[in-house]
Number of protein chains: 2
Amino acid sequence: MTNAVTRNELKQRLSAVGLKATHQRIVVYEALTALHGHHPVAEAVYQLLKPAHPTISLGTVYKTLDSFVETGLIKRVLTEAGGKRYDTNLVPHSHIYCSNTKEILDYEDAELDALVTDFFRKKNLENFDMSSVSVQLNGVKKDPEGKISIK
Amino acid sequence: MTNAVTRNELKQRLSAVGLKATHQRIVVYEALTALHGHHPVAEAVYQLLKPAHPTISLGTVYKTLDSFVETGLIKRVLTEAGGKRYDTNLVPHSHIYCSNTKEILDYEDAELDALVTDFFRKKNLENFDMSSVSVQLNGVKKDPEGKISIK
DNA sequence: CTCCCTGCAAAATTTTTGCATCAAT
DNA sequence: ATTGATGCAAAAATTTTGCAGGGAG
């Protein structure tokens, strides 16, 4: 599902963007991929790491996530709940949001992205360089326990 | 542009959703409409109100905004910056976001909403009741001082 | 060996909460 | 008169910052 990244690939990516490949950065990134689909906040990453890495500090997690976003290694997720949430998924994708359970489900569909991107391209926005579009679908799960599936 | 709401209309709307029509709620709502397009945080609403209403408290502004969202009088705006931002505009609309200036511009276009809504309707999502879609267009203004316009 | 990064702790921000008083219905 | 809302202040939650010591290149 998520492309697993080896530590060597990760080290390369880090130095490619000018960041030192420290142990902390590696395990923070791995925690993010382990939490794939959960769009975790910094605290959640920290909690996941603490058992195996008791000396890591929450401040470092915050700084690390910031530096990852700044260098484009990860992205922040749009949310209305107010916290900063992170996502390793750089492929354009949409989110399905259940206002009941507060779940955010990734939904990848190139067709949808093309549809919306084309729409804006045709609109000829002046003074604006479009880089990406995000679509969020809002609603509620009928069965809060069940999964959302697409036929 | 924004439909100006008279105080009487506002009082009616408040009681319609089960909230007492207090002075504070009325001026908070008016501040929100005055800040239309700015998607303000609670603090900004408070600052705008303070000169004319020196006794209003920030806590009340927070509680008021919460109760407005809960009752559907206003909406929270999707953001990746982490704070809670508010919008009186209940009409489905999109946002154009400049990652440089951090501006969020409203973009109302029924055609776009229909396009995306239809797309998902055809997808036949199982176990999900769709209520709305939000589109955010990301990019940067070529001239940070200029306006974005649509031909 | 150099510079960047980490951990720690303090501080700054943002948001929530409890409670006595006050105002809307 | 009743009930819910306000203001205030304290507390909780979240995020940033400064700096001395440590580790990657």
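Quick notes
- Among the residues making up the range A:62-89, those that are within 16 Å of A:Leu35 (Cβ to Cβ) and of a type in the set (A, V, I, L, M) are A:Leu65, A:Val69, A:Leu73, A:Ile74, A:Val77.
- Residues considered: A:Ser67, A:Ser94, A:Ser57. Of these, the only one that is within 30 Å of B:Arg85 (Cα to Cα) and without any contact (Cβ under 8 Å) to a residue 12 or more places away in the chain is A:Ser57.
- Boolean, A:Leu65 is within 14 Å of chain B (Cβ to nearest Cβ) and within 13 Å of DNA strand C (Cβ to nearest atom): yes
- Filtered residues of the range A:15-25 (kept if part of a helix (DSSP H, G or I) and in contact with a helix residue (DSSP H, G or I) (Cβ under 6 Å, 6 or more places away or on another chain)): A:Gln24, A:Arg25
- Residue within the range B:81-90 that is free of Cβ contacts under 8 Å to residues at least 24 places away in the same chain and of a type in the set (Asp, Glu) present: no
- B:Leu90 falls short on exactly one of the conditions (1) of a type outside the set (D, E, K, R); (2) in contact with a Phe, Trp or Tyr (Cβ under 9 Å, 6 or more places away or on another chain); (3) assigned to a loop (DSSP other than H, G, I, E, B), and that condition is (2).
- Only residues that are surrounded by fewer than 18 Cβ atoms within 10 Å (Cβ to Cβ), within 7 Å of another protein chain (Cβ to nearest Cβ) and of a type outside the set (Asp, Glu) were counted across the range A:139-151, and they come to 7.
Quick grid of which residues meet (1) β-branched (Val, Ile, Thr); (2) more than 10 Å from DNA strand D (Cβ to nearest atom); (3) not in a helix (DSSP H, G or I):
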{"residue": "B:Tyr29", "(1), (2), (3)": "no, yes, no"}
{"residue": "B:His36", "(1), (2), (3)": "no, yes, yes"}
{"residue": "B:Leu48", "(1), (2), (3)": "no, yes, no"}
{"residue": "B:Phe68", "(1), (2), (3)": "no, yes, no"}
{"residue": "B:Ala81", "(1), (2), (3)": "no, no, yes"}
{"residue": "B:Lys84", "(1), (2), (3)": "no, yes, yes"}
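- Only residues that are facing chain B (nearest Cβ under 8 Å), under 22 Å from B:Val77 (Cβ atoms) and surrounded by fewer than 12 Cβ atoms within 10 Å (Cβ to Cβ) were counted across the range A:95-128, and they come to 0.
Where a number appears in this text, it was derived from the coordinates with a stated rule and is not lab data. Keep in mind that this is a model prediction, so the values were computed, not measured. Heads up, the Cβs are rebuilt from the backbone with ideal geometry, glycines too, and the neighbour counts pull from every protein chain shown.
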